[in-house]
Every structure is written in C-alpha cells, then in structure tokens.
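The values are calculated or read from the model by the stated rules, or taken from the named source; none is laboratory data. Just so you know, these numbers come straight off a predicted model, no measurement behind them. Quick reminder, even Gly has a Cβ in these numbers, built from the backbone with ideal geometry, and neighbours come from all protein chains shown.
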C-alpha cells in the first residue's frame, strides 16, 4: 500500500538509518498485530520488533495522546465538532529511536509520562470511535510504516491501516487471562485495580471497539488468529517470528 504524506503532523527519522535495525526485513514492511485489550499486544509487538529489527509503533499511544490533549483542553467526547477541530490542530510527531522504539510527541512534548492513566485510556477509547480522529492518525501511521516499516499493534492495523500486508496476526485470550494481564500491566506502572473493575473496563472497551461504526475491532481470513491464553508472551513472539519466516520462505520459493 502506498503511504500518503502526513498532513498537519510529522514522522521524522531521528537515527537516519534504513527501516529495520537488523535488516532482517526490507524497508516498508509492516507487521500488523490486532486484538482486544489485555491480550499482551504491546509486549508481543515490542519483542517481535526487536527480533525482526523493525521499529515498534504503539498506535494506542497515539490515540491516548489525543485523549490526553482533549482532557487538557476540556474537550468533551460527545462534542464532535470540537473533537474534529482538536484532531485537525494537534501536532503529533513519530520519532524513531536507535533502540527500535518510537517516541510519540505532542506539540514537541513527550507524551509517555502522561498517557497511561485510566482516565486518559477511557477518553482515548471514546475518541477512537470518531472518524476525524481515526482518519488523522491512520494517515500518520501509513506514512510512518511506508517509510520505515514497523511492527504495529492496535485494533484495525490489518483491516484498515495496512490491509495489504501479508503479515497479519489477531491475538486473543480468555477473559480471566486478559484481566490478569491487564492487572499485571497496571501494577508494573504503579497502579492498583480490582479484578472486578478491570473486567468491567475490558467489557466496556470490547463492546465499544467491536460495535463502533468506523474501523471496528475485527479479523478476517487474511489473519492468523492466535489464542495466547496458554502461552507465555515470549512463546507468542517466537510463534509469530516463525510464522513470518515461513511465509517469506513460501513467497520466495
């Protein structure tokens, strides 16, 4: 898929190198990892990117950055005109790092210290359902992936952002496993939450992600669906890397 230029935002190559630190995959190759919250997508995508020598782009951080800005400006999620204006005005930069990560900056400010709070995640989920927000961020994601290649994780990477990539994986897990992984993630960030609160949060997000009119969470036969319930996240990375290698071998054979 051709990558359109980013408008009103930017993705900049900080290290000046070719896409992929290890050169294991060619520049512009995108690995799509989709799935619901709590299945370990971020950890798996980060590990797979390291294994393949590609940048890792956390698209959820981009939506959280918009959510954080909305909270700072007092923009309500149900004020669609204000949300559209916000999405069009923000200056969002994607800066590849030498270690394979990607810094997300909003108006020049790193967002990572601010975007993991539950209220930011809730606002991001509400805004992600709105077409102006999705259109703006999809544009930036396509530009970044087309230039650098990447392992991207989200809800619609393989269905909307890069539907033509041959490397698509949909991660899923049983509900209790997802709750436990989400709690572990929160504790690692220094936050506490009960099983009941986390289960309710995941249920709300699932319903919102699957039922929204634009870019709902979904998968199709072009994906490999991976149930990670009984796998460690390291085992998931190994499985995906093997599947990618096998697919590349078949296509070159």
Residues that are under 14 Å from the mean Cα position of the chain (by Cα) and either farther than 20 Å from residue 90 by Cβ or without any contact (Cβ under 8 Å) to a residue 24 or more places away in the chain (or both), drawn from the stretch 161-178 | 162, 168, 169, 170, 171
Number of positions in the stretch 196-239 that are more than 15 Å from residue 178 (Cα to Cα) and touching a strand residue (DSSP E or B) at 6+ places or on another chain (Cβ under 6 Å) | 5
Does residue 215 satisfy being in contact with a helix residue (DSSP H, G or I) (Cβ under 6 Å, 6 or more places away or on another chain) and on the phi > 0 side of the Ramachandran plot?
-> yes
Just one listed residue, out of 198, 236, 151, is buried (at least 16 other Cβ atoms within 10 Å of the Cβ), at pLDDT below 95 and either under 16 Å from the mean Cα position of the chain (by Cα) or in a helix (DSSP H, G or I) (or both), and it is 198
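Are any of the residues in the stretch 16-30 surrounded by 24 or more Cβ atoms within 10 Å (Cβ to Cβ), in contact with a strand residue (DSSP E or B) (Cβ under 8 Å, 6 or more places away or on another chain) and either at pLDDT 50 or above or assigned to a loop (DSSP other than H, G, I, E, B) (or both)?
Filtering the stretch 16-30 down to residues surrounded by 24 or more Cβ atoms within 10 Å (Cβ to Cβ) leaves 30.
After this cut, where a residue has to be in contact with a strand residue (DSSP E or B) (Cβ under 8 Å, 6 or more places away or on another chain) as well, the list is 30.
Remaining after also requiring either at pLDDT 50 or above or assigned to a loop (DSSP other than H, G, I, E, B) (or both): 30.
Checking the stretch 16-30: at least one residue is surrounded by 24 or more Cβ atoms within 10 Å (Cβ to Cβ), in contact with a strand residue (DSSP E or B) (Cβ under 8 Å, 6 or more places away or on another chain) and either at pLDDT 50 or above or assigned to a loop (DSSP other than H, G, I, E, B) (or both).
Criterion first (surrounded by fewer than 19 Cβ atoms within 10 Å (Cβ to Cβ) and either under 20 Å from residue 86 (Cβ atoms) or at pLDDT 95 or above (or both)) does residue 132 satisfy it? Even if it seems obvious, please write down each step before you answer.
Details: surrounded by fewer than 19 Cβ atoms within 10 Å (Cβ to Cβ): yes; either under 20 Å from residue 86 (Cβ atoms) or at pLDDT 95 or above (or both): yes.
Yes; evaluated as a whole, the condition is true for this residue.
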